[in-house]
Every structure is written in C-alpha cells, then in structure tokens.
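Worksheet: the structure to be examined is printed underneath.
The values are calculated or read from the model by the stated rules, or taken from the named source; none is laboratory data. Since this is a predicted model, take the numbers as computed values, not measurements. So basically every Cβ, Gly included, is an ideal-geometry build from the backbone, and we count neighbours across all protein chains shown. The accessibility values were calculated without ligands, DNA or RNA, using every heavy atom of the protein model including side chains. Shrake-Rupley method; radii C 1.70, N 1.55, O 1.52, S 1.80 Å.
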Amino acid sequence: MIVLLAIPALPLLAALAALRVGRRMPWGGGEFVVGAAALSLIGLMLVPDGANLSATWFESGGFRLTVGLEFSPLTWFVATLVASIALGVGIYSLGYMAGKADRPRFFAELGLFIGAMLVLVLSSSLVILFAAWELVGLASYLLIGFNYAEPGAPQAAAKAFLMTRIGDVGLLLGWLLALTLTGTTEIDALIGALGQQQLAPAPVALMAFLMLAGAIGKSAQLPLTGWLPDAMIGPTPVSALLHSATMVAAGVFLVLRLYPVFEAAPGALAAVFWIGAATALVAGVIATGEMDLKRVLAWSTASQLGEMMIALGLGGPLAASFHLAAHAAFKSTLFLAAGVVQEEAGTRGLDRLGGLIRALPFTGVVFLIAGVALAGIPPLSGFWSEEAILATAARQSFGAALLIVALIFLAGTYIGRAASATFFGERRPDDVGKPAWPMKAGMALLALAAASLGWLLSGRLGSILPFSAEPDLASAWRAFALVAAILGLAFGARRSSASAFGVLPAKLRAGLMAATEWPTIATMRISQLLNVVEAALDRVAQGIAKGSSVIAGTTHSAERQFDAVAELAAGGVWRLAQNSERAEALGFARGGDALAIDIVGIGERLRTLQSGRLYLYTLALFVWAAAALVAGGLMLWL
Amino acid sequence: MPEAGSMSCMDLWAVGPEMVLAGLALVLVPIAGWARGPWRRLPSVAAFVGLVIAMGLTAPMLTAAPREAFCGTYAVDPFRAFYQLVIEAGTIITLLALASHFRGAEQEAQAPVALLMASVGGMGLAAATDLGLIVLFLQMVSFPSYLLVLLVRSDRPAQEATLKYFLYGAAALAVMAYGLTFLFGLTGSLNLRVIGANLAGADAAWVAFAFGLVLIGYGFEMTLVPFHVWAPDVFQGATAPVSGFVSVVPKVAAFAGLLRLLLEALPDSLVAWPVVLAIVAAVTMSFGNLVALRQTSLKRLLAYSSIAQAGYMLMAIAVAERTPDALPAISYYFVAYLCMNLAAFAVLAQVERMLGSDELDAVRGLGRRAPWPAAALALALLSLAGIPPLAGFAGKVFLLMAAIEGGFVWLAVIAALNMTVALYYYAVVIAEMYFREPERTEAVAPGAGYAWATCLCAAGTIVFGIAPKLALSLAQLGSVMLR
C-alpha cells in the first residue's frame, strides 16, 4: 500500500527537494526528479494488481466524497507509460538544462507535473482525478511560461491554461453530476451502477458529453485546439513530456477510464468519433504546411490524438490505448530530437534548416526512427497501433477505414517533409554543436521504445487490458495502408521547403485560430463594454454625490445666513444686556457681587466645554452611553 | 409571543459577546483619543483580547438549542454563533494587518475602535429577528465602515470614496427601511417569525414590492449588481486592510441577515425569491468577472472579484430552502472566502505601503523581490479561482452541488463558466509576479501583524482545502436556525 502511495508522492517530494536544495546540486535538482521517476517506475513493477488505497474524504448530506488510488490494468498501464516517458525526458533534461538559469524552478515544476499526472492516472475517485487534472494544467501553465522573458511566452501559457480550463468546466460539472447520481465520487461505483442499469439514460448521456468537453480541452481537440501549437514556446522537454506524450493524452485517458459511461451514451460516442475525425484531418493538413519544426509536431500531436478519439468513437478502446502508448514513445522522441536541433542549430524554422544528418548523426537517426514509426512503417511501433485502429475502423465501415488510410498518408507527408527539410538537402546552419550525453541517453531510451513497443505489445495488449480485442485486418487494407504511408513519406520528402498542399494548410490554420479565438475576443469586448457601462454608472453616482454636496453647500451657506442673523440678534441682545448692565450698574451702585463673579467664572469654564473640540462632544455621548449601560446592568442585577 | 417589556425576557448572556465588544469599544473611545506614543498600541491589544474572549463566549452557542431572547427580538442559535465567529475571526485578522499598517501613526489607536463597533453591528445583524433591530444593526455595521475608509483623512480618493459609500449606504438603507415598514404594515408585527406566519395570506404584490425594497439594502452590503457601484471606489480609496475588512465583515453580516429574513419571514419561497435571487446571482457573478478582466488596479480587481464571489454565494442562498446542503455550503464558503480574500488584501497592503501604488506593475517580479508574500498572494488568488486542493475549490464544489441539487442546473453551468473567465485575471496577477523581471528592488513593507494575518489565512486556505471536514462540520452545526 505504501508503495502505491509513494509512486506519485516521490516526484512531488523530488520537486520540493529540487526547490530547496537544487541550487547546490550538480544537475540543479534534476537528479531528484530523475531518481523519483525511476523509483516510481520500479514501484509500479512491485505493486500487485488490484491494490487499492481508498478513504472517505468527507461526507456531506448523503454524498460521500472519496480520495484514493487504484491499481487496475488500465491505470497501471498508463502510469507505467507516464513514468517511463518521464524518466527518458528527465534524463534528457539534465543535459538540456545544463548551464541554463533557474534550473531548480524548472525541475520543481517538472516534478510537480509528474506527480500530479501519476495521481491523475492512478486515481480511483473522480474528485482526485479532477484535482490532479487541474494541477497538471497549472504545471503546464508554469512550464510553458518558464522562459518568461521570451516574447509571447506568458501569453501562450495563459492561452493554454484558459482554453483547457474551458473544457475543465465540463469535467467539473460532469463529476458533480456523477456525484448527484450515485452519491459517491468513486469511479468503480459509477461504472458498477452503469453495469446494473441503475441510471437513467438521459443524465448518463449528459454526463458523457460533459466529460467529453474536459477531454476535448486537455487533448486539444476541435474546437479547443489552438493552444497546443502556441504551447511550443515552452522548453522542449516540456513539449515532449506534457504536450505530446502525457498531459494531452489525459483526455484520451479520461474517455478510456470512463469508457462504460460513453458506451451507455451512443450519442456521446458518435460525438467522440466526429470530433476526433475533424481534428485529425484538419490538424493533419495544417501540419503539412507549418514552417516551424516544433509546431509541425504539435499539429501532428493533435491529429494523432484525434486518431485515438476516432478509435474510441468506433468502439476500439484497445486500439486507442495501443496508439496512446506508441504515440507517446515516438512523439516524445521526435520532440527531444527537435530540441537538440533547436539547441545546436539555433533555429526551428524548416526554411533555415537542412542537411543536419552529417552534423548531428545520432539525433538524425533517432528522429528518422521515430518519424518512420509515426508514418506506420513496419516493424516500428506506429505500424502496429495504426493497424489496430484500421482494423477497428474497417469493422465499422468502409468510409472510416478510408479516413484512417488518408490520415496515414497525411502523417507520412508531414513527417517526411519535416525530416527531409531538417536533416537532408543543403546544409544550412554552419556552426552546429554536439548534444550532451544525457540528452543522447534520454533520446536513445525513448527511441528504443518507439522502435520496439509495437512489436512488444502487439497481440499481448489484449491480455493486459480488460478491453475486447480488435478483429484481424484484411490483408488488402494492410497493403493499402502501407502504400499510403510510403507514398506520403515520399511526397512529403519532395516538398521539404514548401507547404505540401499549397495555401490550404495556412488558410485552415488561420481559420481555426480565428474561430477558437473569437470567444476570447468577444469576452474581452464585452468586458470593455461593461467597463464603459460601469464608468457611466459611476458618473451618475458622482453626479448624485456632487449634487448632494452642492445641496449640502447650499444648506451650509443658508446656515451661515442664519448664523449671521443669529449673530446680529446676539449682538443686539448683547448690546441690550450691556445697556441694561450699565443701567444696572447705575441703578444698583457700582461693583459686582463676589458670587456673581464666581458664577461667571463657572460659566466661562462651561463655555469652553461646550464650544470645545467636537471630540469632547462625542466623548460626552459615549460617557452617557456607558453610564446608561452601567445603570441598565445594575437594574438587571438588583 | 412573550409578554413585551417584562424583565423576564431579558437575557444578558444572549448578548455576551456583543456586550464584551461594545463595552470594550466604549472604554476604548477616550483611550484612543488620549493615547500617545507607545500607548497607541493599547487599543489594538485590548481589542485583540476582547475579540478572543468574545469568540470564547460565542463558541458554546454553536451547540446550543435554538431559543429566542429579549422578547423574541434576538435569536440564540447555532446559525448566529457560526456567523458571529466568522465575523470575529475576520475582525481579528484585519486587526493584525491594521496594527502593522498604521504602526506609529495617529490612526493606530483609532482603527480598533471602529473595527470593534462594525463587528458588533455585524454580529447583531446575524442574530436580530426584529425589523427595528435589523435597521439599527445595519447602520451600526455601515457607519464605522465609513469611518474606517476615511482613516487617512488627508487622502483625497479616500474622501471621495467615503462620500460615495456614505451616500449610497444612506440611500440604500433608507429604501430598505421603507421596505421593512411594508412588512410591518402587512402583518402588524416587527418579529420575523410572526411576519412569516402572517404573510401567507397577504397580497403578493405588496409582499413582492417590500421584498424588492429590502433586497436593495442587503444588496448594497453584499455588493450585488446593480447595488455594487460603491464597492470598486471604496476598495480602491481605502487602505488595503480596510478594503479587506469591508469586503468580508459587512458582507458576512448581510448574508446572515438576508438568510434569516428569507427563511424566517418569507418561508415557502414566497414571491418566488429563489428565482429572483438566482437571476441576481447570475448577473452579479458574470458582471463582476467580466469587468474584472480589464482592471489594472489590484484593489479594483479584487473589488470586482469579490463582487463575483458574492454572486457565487448568492447562488446557494437561492436554493437555501430547497436543499439542506445549501446553508453549510454558504457557511463553508465564507470561511474559505475570509481566508483567501484577507490574505490577498494583507499582502496587497504590504505592497501598497512600500511602493505607494496598487497598480498591476507594483507586483511585477514580486516572486523574486519577496518570495513568501508573493507565494501567499498566489495561493490566495488560486484559491479564489478555485484551483484544487485549496479551500476555494472545495467551497465552489459545495456551492455548485447545492445549486444542482436545488434544481438550478443552469445557474451552476453559468457559475462554472464564470470560474473559467475569472481564472484569467487571477492568472494575470500571478504571471506578473512570477513571469516578469522585477523593475524595482524593494521587497514589501515588513511587519509582524502582516505576517501573522497572511500566515493564518494561508494556513486556513490550505488546511480547509485539504480537510474541508474541519470547517464543514462547523458549518453543518451552524446551519441550525431558529424558525
């Protein structure tokens, strides 16, 4: 049990350690994070299947909110994947961050992310899943904005945070709905209730759609795609770990984890398919025209995640999990290689790169292995997982299978184009350095996985995960897909320095960005409008205030008039008194009575008390109040 | 109703905490005027001790059986005890921050007196079940608050803010008192429960009219749109700890008062108040969040943020009669709101005191200049935005749950969308602190009072977020109301 808890806790502790003592460590705290990832991976091997650590967080009015981690085949599989990729990327980061400023902060944020991501995949409770979901979003925000001095980085970070949070609203409402339906946040209880047909179909469908909104945001599916390419401004290990392999796959994982909910809601499952299909196609086409190496990979990520959604929508969770694993391996490898290119060549622009295979042979080979895996060439991982998806699609309909083949062709095109523009042709940057050994080690580890994972998992995954196996693929489709992949690679390689499909990708991209940005712009417009309204209200209020102060002024001057009149009267009285005094003095002989003088003296003293500071007035008031209070108290007691 | 005027319905223990604080305030008036030099600290110390004693006297009422005191004009029930505890806690934290803020200044001695008076008014409002007392206590919360805003008398914005606050308050409270007279006219009683019993047969149009007028007064204190106009100017014009106080204590008091009025005097959703309040809640949260998006003054930003937060809380008031989970949800949220909002204002006070500005660029690079205050501010803002595992997240979950259970699903959806919009302006401040190079080298104004206030609030934000049970069980205790 303690091991289960330690799996996500270790990276979090490593984050703290990196923050506290990272400054004094040779790798800037990275050694903690790498060590923690390795230990978590070992822990995942040690924990027996079915281990469960669950407790009631609190109960409120018939609702039981639970917290807990659970070791089911699916959670184990994805957690292992996350920890492995984190280990590879962590090792790479040691070299990538060497000599850079602020290393402890970087590794602390990376550790926070790894811990939160492991909690997300292992959680047995929707509330913990949601909390981790938000925390990985926060970590992503911090990591994208890591190089905050770079122009555009804070904006990209905010964009990513906000766009994914739009989807999070769906997830939040979705799990609240699940809580009102089942009375608990336990995922197993929800799935159990679904299995026994205890829930009405309409709320289940609503819940599925709400959860889907969360998945769309996190996995950068349409219409919430725009943040992912912009997030590429973050450090490359971040792009590799968060924005290709793990965090963005959380949306796919969510659908997998709650697959019975979606199965119970055919409408939502259809929506998963259509959204996945639209994203895969649009992002795939855009990727063929992008001129920035990392952004090509980002669009490709969105497209590949769309492919997983297609598989899920067509009823092939096993194929989707397979592709999730394969994609995590080859895409993170591609990113790490792209990071080397950027670091050593100083640019990511495809038009400014070329012929780097001679300067960076190791990186080039790694990129090519992962690229060919992505394209779906046997025996590398992508081939096997694409084949699984194609089998699922072919079982459903001819059109769906054709779509998958088209996507395979697109993938070949954009990756062939990126590879040829970067590593072949005329050698462009002259002064190209060599990557440090940890970078090579990290890349080698992940490239090995990208190459072998498909062959390792093919046929065995069905016995690991509790999903029904996909049917066998007709050999005609297999050959068709292979031809499409090779054609795509060849076509892409020939179009290395230009867009593969003319202006279409650029137009699509502009349209997509505009479409996803209009809610933001509209919100800001409304905000501005409301500010104007607010200012107008404020002016009205000020008018009232000024008006009343004018009235107050008038009353004041009126009062002064009264005052003058009173003074006049007082003067008259005074004179009268003086005259009468004189008369008195004349009438009653001169000199005053000693008593009269005394009284006048008391009067004088009283006068200062009366006309003294306002403060004394209020004091008298309080003394009165206190006296009344004391008197009241006494009366009560007597 | 018990025999009016007889000595038998006097029950001084029922007002123990109020007596302690009011008596202390009276004693402190002359002391505050005469205190010079180091003696200026005395009123703060005395007020602190008094507040702790008052908390000790209030706490036992959390488990007391509900009863009435003073011939039915005053309630002794757990509901009142809970809200009074929140008010006392908020006052203590403000007192800590103010003690540092006015250290050695003329106002150091005066501020605690006004604070005590305002908190007595707030505490009374949470307990009053009589229309006359409600009017009295509403004035009693407001007047010391005006004084607090005007503490720095030479400050022109503060003068303007006070004038605005005062005029708005006077008008709103007058309108409200007018509305209360209708309730009296319709039922012939000042007692909320008697009104509730007699109002059932009354003409609905007049009841609706009276309710509309009464809502204006409470809406003013609670900063509900469109009665919120004073809030941004007052928050900006006042010193930051006072802004924090005004954003918490009058609001808590008004929420408690409104809840009592609705549940005791307008039972069975008379005049469809749940729907009215749901609409006001939706408008308030959307308006507050949308306007906050473009603010550059941090105090104004927090003002609009607290307007939006009031909208979230009103959401649960709207369903207060439909689900038993609504009252604990509001109560819990107030604990969370107190922690996160006062922490934010305490840090802001330090920044403002050091740099003389509360513009967004005053916190630029604060993460480097002053790591701990910056971390506390970031924590408070993330909690306000509802990021788990902080108290604001759990609080928002309870509120949303209550709204969904109460049948206002559309309101829950609007609120959830609002929480996304709100994240933007909180994130802008965090980005300013951590993603920008500092342009100045000053840290923040030091002070033990600030540090204590910030630490207590930050600890509350984390602890109540991770273990909501602690505050929620208190909130559940405190949802028993004399009816």
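Assorted remarks:
- Among the candidates A:Leu199, A:Leu194, A:Leu210, A:Leu224, residue that is at pLDDT below 90 and either among the acidic types (Asp, Glu) or within 22 Å of the chain's Cα centre (by Cα) (or both): A:Leu224
- Among the conditions (1) within 28 Å of B:Leu482 (Cβ to Cβ); (2) open to solvent by 10 Å² or more (accessible area, probe 1.4 Å); (3) of a type outside the set (S, T, N, Q), B:Val319 misses just one, which is (2).
- Listed by position, the helices (runs of 4 or more DSSP H) enclosed by region A:195-283 that each have at least 3 residues that are open to solvent by less than 10 Å² (accessible area, probe 1.4 Å) and without any contact (Cβ under 8 Å) to a residue 60 or more places away in the chain are A:201-218.
- Test for A:Glu307: is it of a type outside the set (Gly, Ala, Ser), at pLDDT below 90 and assigned to a helix (DSSP H, G or I): no
- Taking each residue of region A:127-149 that is under 25 Å from A:Leu212 (Cα atoms) and looking for partners that are open to solvent by less than 10 Å² (accessible area, probe 1.4 Å) and hydroxyl-bearing (Ser, Thr, Tyr) with beta-carbon atoms closer than 6 Å, six or more apart or interchain, yields A:Val127/A:Thr185; A:Leu129/A:Ser123; A:Gly137/A:Thr164.
- Of the criteria (1) at pLDDT 90 or above; (2) among the small types (Gly, Ala, Ser); (3) open to solvent by 30 Å² or more (accessible area, probe 1.4 Å), which one B:Gly460 fails: (3)
- Matching residues in region B:410-430 - criterion: being open to solvent by 50 Å² or more (accessible area, probe 1.4 Å) and either of a type in the set (Ser, Thr, Tyr) or modelled with pLDDT under 85 (or both): B:Tyr424
- Looking only at residues in region A:54-91 that are in a strand (DSSP E or B) and either closer than 21 Å to A:Leu256 by Cα or among the hydroxyl-bearing types (Ser, Thr, Tyr) (or both), the one that is modelled with the lowest pLDDT is A:Ser60.
- Pairs meeting the criteria (first residue in region B:431-442 and modelled with pLDDT under 80, second residue assigned to a loop (DSSP other than H, G, I, E, B), beta carbons under 7 Å, at least 6 apart or on different chains) are B:Phe435/A:Gly145; B:Phe435/A:Tyr148; B:Arg436/A:Tyr148; B:Arg436/B:Arg364; B:Arg436/B:Gly365; B:Glu437/A:Ala149; B:Glu437/B:Gly365.
- Tally of residues being touching a Leu at 6+ places or on another chain (Cβ under 9 Å), in a helix (DSSP H, G or I) and open to solvent by 20 Å² or more (accessible area, probe 1.4 Å) across region B:257-278: 2
- A:Ser125 meets each of the listed conditions (1) closer than 18 Å to A:Ala79 by Cα; (2) open to solvent by 10 Å² or more (accessible area, probe 1.4 Å) apart from (2).
- Within region B:166-186, considering residues that are within 10 Å of chain A (Cβ to nearest Cβ) and either modelled with pLDDT of 85 or more or farther than 30 Å from B:Ala200 by Cα (or both), the one most open to solvent (accessible area, probe 1.4 Å): B:Phe166
- Restricting the first member to region A:348-360 and to residues that are in the same structural domain as A:Ser496 (by TED's automatic domain parsing), and the second to residues that are among the hydroxyl-bearing types (Ser, Thr, Tyr) and not in a loop (DSSP other than H, G, I, E, B), the beta-carbon pairs closer than 7 Å and six or more apart or on different chains are A:Leu350/A:Thr422; A:Leu353/A:Thr422; A:Leu356/A:Thr422.
- Boolean, A:Leu135 is closer than 30 Å to A:Ala15 by Cα, touching a helix residue (DSSP H, G or I) at 6+ places or on another chain (Cβ under 8 Å) and either in the same structural domain as A:Ala298 (by TED's automatic domain parsing) or at pLDDT 90 or above (or both): yes
- If you check A:Leu530, A:Leu456, A:Leu448 for being among the hydrophobic types (A, V, I, L, M, F, W, C) and either open to solvent by less than 40 Å² (accessible area, probe 1.4 Å) or touching an Asp or Glu at 6+ places or on another chain (Cβ under 8 Å) (or both), only one passes: A:Leu530.
Residues are listed down the side, and each one gets a yes or a no for (1) without any contact (Cβ under 8 Å) to a residue 40 or more places away in the chain; (2) surrounded by fewer than 22 Cβ atoms within 10 Å (Cβ to Cβ); (3) touching a Cys at 6+ places or on another chain (Cβ under 7 Å); (4) more than 22 Å from A:Glu290 (Cβ to Cβ):
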site: A:Thr392; (1), (2), (3), (4): no, no, no, yes
site: A:Ser397; (1), (2), (3), (4): yes, yes, no, yes
site: A:Arg417; (1), (2), (3), (4): no, no, no, no
site: A:Gly425; (1), (2), (3), (4): no, yes, no, no
site: A:Arg428; (1), (2), (3), (4): no, yes, no, no
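- A:Ser499 among the hydroxyl-bearing types (Ser, Thr, Tyr) and in a loop (DSSP other than H, G, I, E, B): yes
- Sole residue being more than 10 Å from every other protein chain (Cβ to nearest Cβ), of a type in the set (A, V, I, L, M, F, W, C) and open to solvent by 10 Å² or more (accessible area, probe 1.4 Å), chosen from B:Leu377, B:Leu360, B:Leu381: B:Leu360
- Looking only at region A:147-184, and only at residues there that are in a helix (DSSP H, G or I) and in contact with a Pro (Cβ under 7 Å, 6 or more places away or on another chain), the one that is farthest from the other protein chains (Cβ to nearest Cβ): A:Leu181
- Some residue of region B:34-55 being open to solvent by 10 Å² or more (accessible area, probe 1.4 Å), within 14 Å of chain A (Cβ to nearest Cβ), more than 25 Å from B:Leu261 (Cβ to Cβ) and in a helix (DSSP H, G or I): yes
- Restricting the first member to region B:267-295 and to residues that are under 19 Å from B:Ala422 (Cα atoms) and within 14 Å of chain A (Cβ to nearest Cβ), and the second to residues that are among the hydrophobic types (A, V, I, L, M, F, W, C) and in a loop (DSSP other than H, G, I, E, B), the beta-carbon pairs closer than 6 Å and six or more apart or on different chains are B:Val283/B:Val225; B:Thr284/B:Leu224; B:Thr284/B:Val225; B:Phe287/B:Val225.
- Criterion applied to B:Gly407, B:Gly447 was being surrounded by fewer than 22 Cβ atoms within 10 Å (Cβ to Cβ), more than 24 Å from the chain's Cα centre (by Cα) and under 30 Å from B:Gly257 (Cβ atoms), and the one residue passing it is B:Gly407.
- Residue in region B:386-399 that is small (Gly, Ala, Ser), in contact with a Gly (Cβ under 9 Å, 6 or more places away or on another chain) and without any contact (Cβ under 8 Å) to a residue 60 or more places away in the chain present: yes
- Near pairs, Cβ below 6 angstrom, 6+ apart or cross-chain, from region A:174-185 (within 14 Å of A:Val261 (Cα to Cα) and not assigned by TED's automatic domain parsing to the domain that holds A:Ala131) to any residue that is open to solvent by 30 Å² or more (accessible area, probe 1.4 Å) and aliphatic (A, V, I, L, M): none
- Scanning region A:517-538 for residues that are within 7 Å of chain B (Cβ to nearest Cβ), within 17 Å of A:Arg165 (Cβ to Cβ) and β-branched (Val, Ile, Thr) turns up just one, A:Thr523.
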